[in-house]
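Participant: Following this message is one structure expressed as structure tokens.
The values are calculated or read from the model by the stated rules, or taken from the named source; none is laboratory data. Note that the structure is predicted; figures quoted are calculated from it, not measured. For neighbour counting, all protein chains shown are included, and Cβ atoms are generated from backbone atoms with ideal geometry for every residue, glycine included. SASA here: full protein model, heavy atoms, side chains in, ligands and nucleic acids out. Shrake-Rupley method; radii C 1.70, N 1.55, O 1.52, S 1.80 Å.
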Amino acid sequence: MMSTAKPRVLILGGGFGGMYAALEFERALERGANLDVTLVNHDNFFLFTPMLHEVAASDIDVTNIVSPIRKLLCKVTFFHGEVESIDLEQKRVGLSHGHDKHCHALPYDHLVLALGASTNFFDIPGLAPRAFTMKTLSDAIALRNHLIANLEEADFECGASLRTGLMNFVVAGGGFAGVETIAAMNDFLREAVRFFAHLREDMLRVILVSAGPVILPELGEKLGTYAQRKLTEQKVEIHANCKVTAVTDHDITLSDGTTVTTNTLVWTAGISPHALLGTLPCPKTKDRILVNEYLEVPGWSGVWALGDCAMVPDRKTGAFHPPTAQHALREGRVAAQNILATVQQGWKRPFVYSTIGLLAPIGKRTGVANILGINFSGFIAWWLWRTIYLLKLPRFEKKVLVALDWTLDVLFSKDLVHFRTTRSLSSPPSTKP
């Protein structure tokens, strides 16, 4: 007698890869597919990370780049919790959730590994406990609060002796995340400083540390050199061919011999695959799981990997696809389609994709872009970045809110509200007469 149980699909991770796989299953379930699909994520929202630096720089509202997963998915089950363990032999995943972090064990028939990556601090002395990162919504909010708090402290006489350290800001990493972050920070700080009576713009020192000779190497030397020149014109100090070698509470040491007095270092210079991947008995390269062209993990039936978790072969180049968002979301769709094909005994299709374009805003309404091999720079590249990413932002409601934020940003100055994120513990009211 044939089993009537639905095949169970478990997706671990709600980033671009995991979410777009879930959305593909959502469409299939609406068409009547006979599956039980669950998405597991530690946040109950999908974060649109390409706009994260805009939250840090007060360009858009904190919640406008996040979409509640329960509003995106109706047919797919959502589990809000942490992945604790993965047992490929028994086809079970250990999860925890709730205030008391109680545990569950979920079985699966198909497992999609889309856990993303964590920050790699490369064992640099003092770095991990002191650096700001730019991977989560909390990171962006924390950085925004820190920038405003530094300006507030530096404005008063008691902060005069500490002013140098409070007014120096360093970003490490010459890739997209680092360049976009420092450009947004620089615009924000130079606009905000005029509202502080005892501070002047010439007191600011904004520094970008890049390990390579030219920033944004993915865009090529010409656009990277252009971006570097524009940032320099905007008074950003760039240290090329340079790395952070040590960090203390008061200063940062660079490999070119420079010591910068500061309490602000934003680290965007490296990522590592999720730590749980190291516990899996799968073939790996650079700590990422090797998959075939269908995104299957060889030797483990029903296990699929994508995004930052996987080394996905590129049939055109013979190398591997880069772990970018535009690749991850398409890998998510293909993985979901291939699981559906496996369940329905259809034909799987290989993952084939070439980068369409790369774009980056570099401050003062300028940007750099390479689309279909054509270079753009200046205002048109900045406009393209905003237009393309606005169209990619999930949910019409969020598109409208971000477009409104951008419109108001043209008319009004940036918000300087310092959010308190800790609970206030006040004494209970007195009952004495």
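Participant: I'd like the residue in the range 113-133 that is part of a loop (DSSP other than H, G, I, E, B) and among the aromatic types (Phe, Trp, Tyr) and, out of all such residues, is most open to solvent (accessible area, probe 1.4 Å).
Facilitator: Step one: list which residues in the range 113-133 are part of a loop (DSSP other than H, G, I, E, B), which gives 114-116, 120-126, 131.
Now restrict to residues that are among the aromatic types (Phe, Trp, Tyr): 121-122.
Values: Phe121: 50, Phe122: 112 Å².
Here the answer is Phe122.
Participant: While we're here: Pairs please, first residue from the range 267-291 and in contact (Cβ under 8 Å) with a residue 24 or more places away in the chain, second anywhere and surrounded by fewer than 16 Cβ atoms within 10 Å (Cβ to Cβ) and among the aromatic types (Phe, Trp, Tyr), Cβ atoms under 9 Å, 6+ apart in sequence or on different chains.
Facilitator: Ala269/Phe122; Gly270/Phe122
Participant: Only one of Lys348, Lys364, Lys414 is in contact with an Asp or Glu (Cβ under 9 Å, 6 or more places away or on another chain), part of a loop (DSSP other than H, G, I, E, B) and closer than 29 Å to Asn34 by Cα. Can you tell me which?
Facilitator: Lys348
Participant: If you don't mind, another one. Which residues, taken from the range 298-321, are assigned to a loop (DSSP other than H, G, I, E, B) and touching a residue at least 40 places away in the same chain (Cβ under 8 Å)?
Facilitator: Trp300, Gly302, Leu306
Participant: Which condition number does Val352 fail, the rest of (1) open to solvent by 10 Å² or more (accessible area, probe 1.4 Å); (2) in contact with a helix residue (DSSP H, G or I) (Cβ under 8 Å, 6 or more places away or on another chain); (3) of a type outside the set (Ser, Thr, Tyr) being met?
Facilitator: With respect to (1) open to solvent by 10 Å² or more (accessible area, probe 1.4 Å); (2) in contact with a helix residue (DSSP H, G or I) (Cβ under 8 Å, 6 or more places away or on another chain); (3) of a type outside the set (Ser, Thr, Tyr), Val352 is out only on (2).
Participant: Specify which of the listed residues (Thr225, Thr232, Thr164) is in contact (Cβ under 8 Å) with a residue 60 or more places away in the chain and hydroxyl-bearing (Ser, Thr, Tyr).
Facilitator: Details: Thr225 fails: in contact (Cβ under 8 Å) with a residue 60 or more places away in the chain; Thr232 fails: in contact (Cβ under 8 Å) with a residue 60 or more places away in the chain.
Every option except Thr164 fails the conditions.
Participant: A follow-up question, please. Which members of the range 240-258 meet the condition of being open to solvent by 40 Å² or more (accessible area, probe 1.4 Å) and among the polar types (S, T, N, Q)?
Facilitator: Across the range 240-258, the qualifying residues are Asn241, Thr245, Thr248, Thr253, Ser255.
Participant: On the given criteria, is Glu89 open to solvent by 50 Å² or more (accessible area, probe 1.4 Å), more than 15 Å from the chain's Cα centre (by Cα) and either over 30 Å from Val266 (Cα atoms) or among the β-branched types (Val, Ile, Thr) (or both)? Break it down into steps so the answer makes sense when it comes.
Facilitator: Working: open to solvent by 50 Å² or more (accessible area, probe 1.4 Å): yes; more than 15 Å from the chain's Cα centre (by Cα): yes; either over 30 Å from Val266 (Cα atoms) or among the β-branched types (Val, Ile, Thr) (or both): yes.
Yes, satisfied.
Participant: For the range 167-181, give me each residue that is more than 15 Å from the chain's Cα centre (by Cα) and touching a residue at least 60 places away in the same chain (Cβ under 8 Å).
Facilitator: If the condition is that a residue be more than 15 Å from the chain's Cα centre (by Cα) and touching a residue at least 60 places away in the same chain (Cβ under 8 Å), then Asn168, Phe169, Val170, Val171, Ala172, Gly174 are the ones that fit.
Participant: So Phe188 fits all but one of (1) modelled with pLDDT of 95 or more; (2) under 22 Å from Ala369 (Cα atoms); what number is the exception?
Facilitator: Phe188 satisfies all of (1) modelled with pLDDT of 95 or more; (2) under 22 Å from Ala369 (Cα atoms) except (2).
Participant: Quick one: Gln234 ticks every box in (1) of a type outside the set (Val, Ile, Thr); (2) surrounded by fewer than 16 Cβ atoms within 10 Å (Cβ to Cβ); (3) under 24 Å from Phe379 (Cβ atoms) bar one, so which box is it?
Facilitator: In the conditions (1) of a type outside the set (Val, Ile, Thr); (2) surrounded by fewer than 16 Cβ atoms within 10 Å (Cβ to Cβ); (3) under 24 Å from Phe379 (Cβ atoms), Gln234 misses (2) alone.
Participant: Considering only residues that are in contact with a helix residue (DSSP H, G or I) (Cβ under 8 Å, 6 or more places away or on another chain) and among the aliphatic types (A, V, I, L, M), which ones fall in the range 388-409?
Facilitator: Selection gives Leu390, Leu391, Leu393, Leu401, Val402, Ala403.
Participant: May I ask you to say which residue of Pro322, Pro361 is open to solvent by 50 Å² or more (accessible area, probe 1.4 Å) and of a type outside the set (A, V, I, L, M, F, W, C)? Break it down stepwise before answering.
Facilitator: Values: Pro361 fails: open to solvent by 50 Å² or more (accessible area, probe 1.4 Å).
Of the residues listed, the single one that is open to solvent by 50 Å² or more (accessible area, probe 1.4 Å) and of a type outside the set (A, V, I, L, M, F, W, C) is Pro322.
Participant: For the range 62-95: of the residues being touching a residue at least 40 places away in the same chain (Cβ under 8 Å) and among the charged types (D, E, K, R), which is farthest from Leu52 (Cα to Cα)?
Facilitator: Out of the qualifying residues, it is Lys91.
Participant: Output the strands (runs of 3 or more DSSP E) that fall wholly within the range 32-91 and possess 1 or more residues being aliphatic (A, V, I, L, M), or say none.
Facilitator: Strands (runs of 3 or more DSSP E) meeting the threshold: 36-41, 45-47, 66-68, 82-87.
Participant: Then there is this: Among the residues of the range 259-282, write down those that are in a loop (DSSP other than H, G, I, E, B) and open to solvent by less than 30 Å² (accessible area, probe 1.4 Å).
Facilitator: Hits for the range 259-282 are Thr262, Thr264, Gly270, Leu280, Cys282.
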